[in-house]
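Have a look at this one before I ask anything.
The values are calculated or read from the model by the stated rules, or taken from the named source; none is laboratory data. Since the model is a prediction, treat every value here as computed from it, not as a measurement. Ideal geometry is used to build each Cβ from the backbone, glycine not excepted, and the neighbour counts take in all protein chains shown. When the accessible area is computed, the model is the full protein with side chains, heavy atoms only, and any ligands, DNA or RNA have been set aside. Shrake-Rupley method; radii C 1.70, N 1.55, O 1.52, S 1.80 Å.
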Amino acid sequence: EMAYFAARLAAYSDLNLVLEGARSLLVLAMPYRTEEPREQLPAGAGRVSRYAWGTDYHRTLWDRMDPLCELIRARLPGAKARGVTDSAPLMEREFAQLAGLGWIGKNTLLLNRELGSWFFLAVVITDVELTPDEPYAEDYCGTCRACLEACPTDAFVQPYLLDATKCLSYLTIEVKNEIPTPQRGVFTDWLWGCDICQEVCPWNNKAPTSDDPAWQPAPGRTMPDLIELFSWSEERFRAEFRHTPLWRAKRRGLLRNAALLLGNQAEKITGTEQRAKAIGALDIGLQDQEEIVRSAAAWALEKFALKSGEA
């Protein structure tokens with residue numbers, strides 16, 4: 001469903017369509033690793049990819065690139081400069097490798113020997129011609145296959161090649177409608193996104209942690225209570241997530257994901273009280289205004305019935 005790539009192919013091939021007269025790119029990396037997630041996921045909770053624990057990185061990085069753009073214009077009157085991060089048809093990862101920031105690993109992410117992969121990429125485009133850095137020539141993945149073997153959906157067709165339609169990040173964020181029934185069973189831990197191929201990467205073992213306030217986890221953000229989400233109003237969802245990456249999935253996507261997670265966790269939700277709360281939450285989902293939420297809730301309730309022998 002990522003049709004925006006195809007729709008912007010012309011712009012990807014010509015940076016003049018992003019900034020007229022573009023000659024140089026300043027490629028930037030911003031580490032965002034903070035606290036480590038709990039190893040054990042509580043029943044009735046879902047994991048969130050750690051880049052979404054804090055504020056919206058788009059807004060933060062745009063604000064932080066503004067002074068650099070202003071400096072370029074001040075030093076060179078008449079010069080153009082524009083900061084982008086996921087906001088323009090530009091492949092930051094490839095340009096980061098050309099700028100010497102790291103290599104593209106087997107998990108298709110940019111890796112750096114000091115930073116691992118826990119960092120955002122941003123680019124300042126300018127019409128000033130600058131002396132380029134040397135491209136990163138080495139590949140330090142070696143014979144390691146940790147990311148390929150750990151992927152819960154077998155999304156890696158081969159090293160360095162990802163089938164996005166199988167990736168949990170794609171399924172939980174990009175898919176706007178119902179999740180195909182054969183793929184619903186992979187919704188066991190992750191409410192939004194997936195970090196597994198990064199968590200198992202050896203280069204991330206010693207990646208630095210950041211004390212930047214922008215990336216610190218907001219309360220309840222690392223492992224949201226799935227049952228509680230069904231009691232939230234549209235206004236509550238907006239208040240909690242409007243200025244975070246999670247809002248890309250919107251309320252309907254998050255509740256769809258939460259329902260599928262609860263269904264797949266039916267076997268783990270064993271306490272009588274918690275089980276009743278989970279079923280009650282799914283009953284609320286069954287009455288939701290969004291069809292994709294109703295469908296996911298119905299599927300999940302069948303799972304609870306099967307586990308309790310009520311079917």
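Kindly provide the Kirkwood hydrodynamic radius of the range 19-141 in Å, to one decimal, from all pairs of distinct alpha carbon atoms. The partial results should precede the final answer.
Values: mean 1/r = 0.0617 Å⁻¹.
The answer is 16.2 Å.
Also, quick follow-up: Please give me the summed charge of the neighbours of GLU290: other residues whose Cβ is under 10 Å from its Cβ, Lys and Arg +1, Asp and Glu -1.
Working: positive: LYS250, ARG251, ARG252, ARG256, ARG294; negative: ASP288, GLU291.
So the surrounding residues net to +3.
Provide the packing ranking of 48-58, 199-209, i.e. peptides ordered by the mean count of other C-beta atoms within 10 Å per residue, highest first. Intermediate values should be presented prior to the final figure.
Details: 48-58: 20.4, 199-209: 15.8.
Most protected by this proxy first, the peptides run 48-58, 199-209.
With the full set of protein chains in place, find how many percent of the accessible area of the chain is carbon and sulfur; take the probe as 1.4 Å.
On the way: 8160 of 15730 Å².
On the chain, the fraction of accessible area on carbon and sulfur atoms equals 52 percent.
Of LEU229, ASN205, GLN265, which is farthest towards the positive pole of the range 190-311's charge dipole, taken about the Cα centre with +1 and -1 on the beta-carbons of Lys, Arg and Asp, Glu respectively?
ASN205
So, one more: For ALA79 and LYS250, FRET efficiency with R0 = 51 Å and r from the beta-carbon atoms, rounded to 0.05? It would help to have the intermediate numbers written out before the result.
Numbers: r = 39 Å, r/R0 = 0.76.
Once rounded, the FRET efficiency stands at 0.85.
Under a 1.4 angstrom probe, counting protein chains only, how are CYS144, CYS69 ranked by accessible area, largest first? Before the final figure, lay out the partial values.
Details: CYS144 50, CYS69 5 Å².
Largest to smallest exposure gives the sequence CYS144, CYS69.
Would you grab the residues whose amide H sits under 5 Å from the one on TRP190? Only those 5+ places off in sequence or on another chain, please, with H modelled 1.01 Å from N.
ARG47
Which links in LYS166/LYS250; LYS106/LYS176; LYS106/LYS166; LYS277/LYS303 stretch past 19 Å when you go from one Cα to the other?
Working: LYS166/LYS250 21 Å; LYS106/LYS176 28 Å; LYS106/LYS166 16 Å; LYS277/LYS303 15 Å.
Those over the limit are LYS166/LYS250; LYS106/LYS176.
Any idea of ASP211's accessible area? Nearest 10 Å², probe 1.4 Å.
Surface open to solvent at ASP211 totals about 140 Å².
Which net charge results for the neighbourhood of SER24, defined as the other residues with beta-carbon distances under 10 angstrom from its beta-carbon, given Lys and Arg at +1 and Asp and Glu at -1?
On the way: positive: ARG23; negative: ASP127, GLU129.
Here the count lands on -1.
Shifting gears a bit: Lone cysteines in the chain, defined as no other cysteine's Cβ under 4.7 Å from theirs: which are they?
Isolated Cys, the chain: CYS69, CYS141, CYS144, CYS151, CYS167, CYS194, CYS201.
Something else now. Charges at C-beta only: +1 for Lys and Arg, -1 for Asp and Glu. How large is the resulting dipole of the range 102-221 about its Cα centre, in Debye rounded to 20?
Details: 8 positive and 17 negative charges, 110 e Å.
About 520 debye.
Another one. Along the charge dipole of the chain, Cβ charges K/R +1 and D/E -1, which of LEU286, TYR51, TYR160 sits furthest on the positive end?
Going by the Cα projections, it comes out as LEU286.
If you don't mind, there's one more thing I want to ask. For an R0 of 30 angstrom, estimate the FRET efficiency from the Cβ-Cβ distance between LEU98 and GLN183 and round to the nearest 0.05. Mind showing how you got there, number by number?
Working: r = 35 Å, r/R0 = 1.17.
Computed FRET efficiency for LEU98 and GLN183: 0.30.
Quick check: Cα centre of the range 54-69 to Cα centre of the range 241-307, how many Å?
If you average the Cα positions of each part, the centres end up 34 Å apart.
Could you tell me the convex hull volume per residue, in Å³, taken over the Cα atoms of the range 169-311? Don't skip to the end; give the middle numbers.
Details: hull volume 19.0 nm³, N = 143.
Taking the convex hull of the Cα positions in the range 169-311, it is 133 Å³ per residue.
Averaged per residue, what accessible area in Å² does the range 86-189 show with a 1.4 Å probe, protein chains only?
Numbers: 4980 Å² over 104 residues.
Accessible area per residue: 48 Å².
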